[in-house]
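*Asks:* There's a structure below that I have some questions on.
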Amino acid sequence: MKLIALQLLLWYSALWTVQEASPLGPASHLPQSFLLKCLEQVRKIQADDVMLQERLCATHKLCHPEELVLLGHSLGITQAPLSSCSSQALQLAGCLRQLHDGLSLYQGLLQALDGISPELASTLDMLQLDITDLATNIWQQMEDLGTAPARQATQGTMPIFTSAFQRRAGGVLVASNLQSFLELAYRVLRYLAEP
């Protein structure tokens, strides 16, 4: 029950942020098949992420990411921006780049969680694979549009966890931040898919 309440809280907080970031500019010229595939992939990643959150809650009793925010700041767990996807600054190329870079950031953060616990290994692996697939599709679309940068962005500095608790708490925070990012990404992609 607490996990459902947490998910609702995260969903409402994401909506609060999404209202400022919902694109209102002209529709894109992206292929409908690309957009629909991305929407499907985002929903799959969201389901994987919820499963990770549920398992962290059930296995390690870490169910409240809001209680771990200060630890997240000290560990350097960041959120990926999507400012180029906002209603005030919708730039298709920049938005695709930020989606891709955000997915790359979360790939790196999930890799940093490697070894969190044997019970979560398969869920983390599936989540990483699904994020890689979506990031690859977005990169290919950027190449097709001729907007891909000369080289892909690097992940930057990843957090270093010095204890099992930090790794587990980091998992909760990464999963929570990823969920917020995916909510926003889904809304942007859904808008771009509208006729």
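*Asks:* Rounded if a/c is under 1.5, else prolate if a/b is larger than b/c, else oblate: which is region 74-195, with a ≥ b ≥ c the root eigenvalues of its Cα gyration tensor?
*Replies:* Prolate, since a/c reaches 1.5 and a/b exceeds b/c.
*Asks:* What is the Cα centroid distance between region 138-195 and region 46-60, reported in whole angstrom?
*Replies:* So the separation of the two Cα centres works out to 18 Å.
*Asks:* Could you list which residues have their amide H under 5 Å from that of Ala148, counting only those 5 or more apart in sequence or on another chain, with H placed in the peptide plane?
*Replies:* Amide H neighbours of Ala148: Glu143.
*Asks:* Assuming R0 = 25 Å, can you tell me the calculated FRET efficiency for the pair Arg151 and Ser83, based on Cβ-Cβ distance, to the nearest 0.05?
*Replies:* Using R0 = 25 Å, I get an efficiency of 0.70.
*Asks:* Now a separate question. Tabulate in residue order the Karplus-calculated ³J(HN,Hα) for region 110-122, using 6.51 cos²θ - 1.76 cosθ + 1.60 with θ = phi - 60°, rounded to whole Hz; enter x for Gly and Pro.
*Replies:* 5, 5, 5, 7, 3, x, 4, 5, x, 5, 9, 4, 5
*Asks:* Express in nm, to one decimal, how much length is gained between Ala193 and Thr162 on full extension, taking 0.36 nm for each residue of separation and deducting their alpha carbon distance.
*Replies:* Numbers: separation 31, 0.36 × 31 = 11.16 nm, distance 4.33 nm.
Fully extending the segment from Ala193 to Thr162 adds 6.8 nm.
*Asks:* Something else now. Suppose the chain between Asp144 and Met51 were pulled fully straight at 0.36 nm per residue; how much longer would it get relative to their current alpha carbon spacing? Before the final figure, lay out each step's value.
*Replies:* On the way: separation 93, 0.36 × 93 = 33.48 nm, distance 3.36 nm.
Here the segment from Asp144 to Met51 would lengthen by 30.1 nm.
*Asks:* Kindly report the accessible area of region 76-195 per residue (heavy atoms of protein chains, probe 1.4 Å, no ligands, DNA or RNA), in Å².
*Replies:* On the way: 5360 Å² over 120 residues.
Heavy-atom SASA per residue in region 76-195 reads 45 Å².
*Asks:* Which one, Trp139, Gln166, Leu129, projects farthest toward the positive side of the charge dipole computed for region 25-167 from Cβ point charges (K/R +1, D/E -1)?
*Replies:* Trp139
*Asks:* Within region 50-195, what whole-number % of the accessible surface is contributed by carbon and sulfur, with the 1.4 Å probe and all protein chains included in the calculation?
*Replies:* The value for region 50-195 is 52 percent carbon and sulfur by accessible area.
The values are calculated or read from the model by the stated rules, or taken from the named source; none is laboratory data. From a predicted model like this one, the values you see are computed outputs, not experimental measurements. We place every Cβ from the backbone using ideal geometry, glycine too, and count neighbours over all the protein chains shown. Note: accessible area is taken over every heavy atom of the protein model, side chains too, but ligands, DNA and RNA are not part of it. Shrake-Rupley method; radii C 1.70, N 1.55, O 1.52, S 1.80 Å.
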